[in-house]
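Trainee: One structure is given below, represented as structure tokens, and several questions about it will come after.
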Amino acid sequence: MTGRYLVLGMIAGLIAGVLAFGVGKVWGEPPVAAAIALEEAGAPAAPEHAHDHGHNAPTAAATAEPEPAGHSHSHGEGEGISRATQAGIGLLTGMAVFGAGLGGLFALVFAFVQGRFSHLGARATAGVMAVLGYVSVVLVPFLKYPANPPAVGHGETIGLRTQMFFAMMALSLIAMVIAVAVARSGRDRWRAGILGGLAYLVLVVVAGLVLPAINEVPAGFPGDLLWQFRSVSLVIVAVLWAGIGLIFGQLVQGSLARDPGLRQRLA
């Protein structure tokens, strides 16, 4: 059964990755292009010393959620891959492959949770998992270490930013596990759910205060462009997670409907 879930999860992730690519191509490309133009024009946003081209490394690396279209770019012909290719077939391939991988992991967690910790239907369980996963893996770490567009960020701090983002994500996941355990421990589901939510909030706030702040946005960088880039980044990843949750839940529900014996074995 786990193998079937895995296949369905990868299919759902592949479809969700293509949908996220579409959002990134339409709404993510303009702010990236504008930021690259600032960088190449030598605008005040570019620091004097080396910087990483295109993002706050932790967000792209740690969440592995691709940033808006064209997030990485090439300045020279000799580098072999043009930015048009990166923002087109390159981004599509990356989003599809990553979506399939994330969908597979999602399916494995679903296989472990369903019937053990959740007695909801397949669609409801997948939907709840998608929401909790997005909050703990993407949204909360993003609030502490948000994505940055091209021309923002220093190359020598990539390692530190990546480590800090991974740390925040790990602490957020641990806090979510604790919160779910608290929510399941009480007989009054509403009260226990509220307590679990408060526990998660307190734990991630403490983690955010303990971890160091990293702010490398130059004073001259346009605030509206920064806001647009970051908001689109969150939307793209939200489409990915929501797509996986909804599509996977529907695929599993359909599979159970076609196989009554399987439904009885899972009951």
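The values are calculated or read from the model by the stated rules, or taken from the named source; none is laboratory data. Computed from a predicted structure; not experimentally measured. Here Cβ is always computed from backbone atoms with ideal geometry, including for glycine, and neighbour counts include all displayed protein chains. Accessible surface areas use protein heavy atoms only, side chains included; no ligands, DNA or RNA. Shrake-Rupley method; radii C 1.70, N 1.55, O 1.52, S 1.80 Å.
Trainee: Using only C-alpha positions, report the orientation-averaged shadow area of the convex hull of the range 117-267, nm², one decimal.
Mentor: For the Cα atoms of the range 117-267, the hull's average projected area reads 11.4 nm².
Trainee: Where the only charges are on Cβ atoms (+1 Lys, Arg; -1 Asp, Glu), what is the dipole of the range 81-228 about its Cα centre, to the nearest 20 debye? Could the numbers behind the result be given before it?
Mentor: On the way: 9 positive and 4 negative charges, 127 e Å.
I would put it at about 600 debye.
Trainee: Rolling a 1.4 angstrom probe over the protein chains, ignoring ligands and nucleic acids, what is the accessible area of Glu39 in square angstrom, nearest 10?
Mentor: Per-residue accessible area (Glu39): approximately 20 Å².
Trainee: Farthest toward the dipole's positive end in the range 161-256, which of Val252, Ile236, Asn215, given Cβ charges of +1 (Lys, Arg) and -1 (Asp, Glu) about the Cα centre?
Mentor: Val252
Trainee: Among residues other than Ser118 whose Cβ falls under 15 Å from its Cβ, what is the net charge (Lys/Arg +1, Asp/Glu -1)? Show your work: numbers first, answer last.
Mentor: Details: positive: Arg116, Arg123, Arg184, Arg189; negative: none.
Summing Lys/Arg as +1 and Asp/Glu as -1 gives +4.
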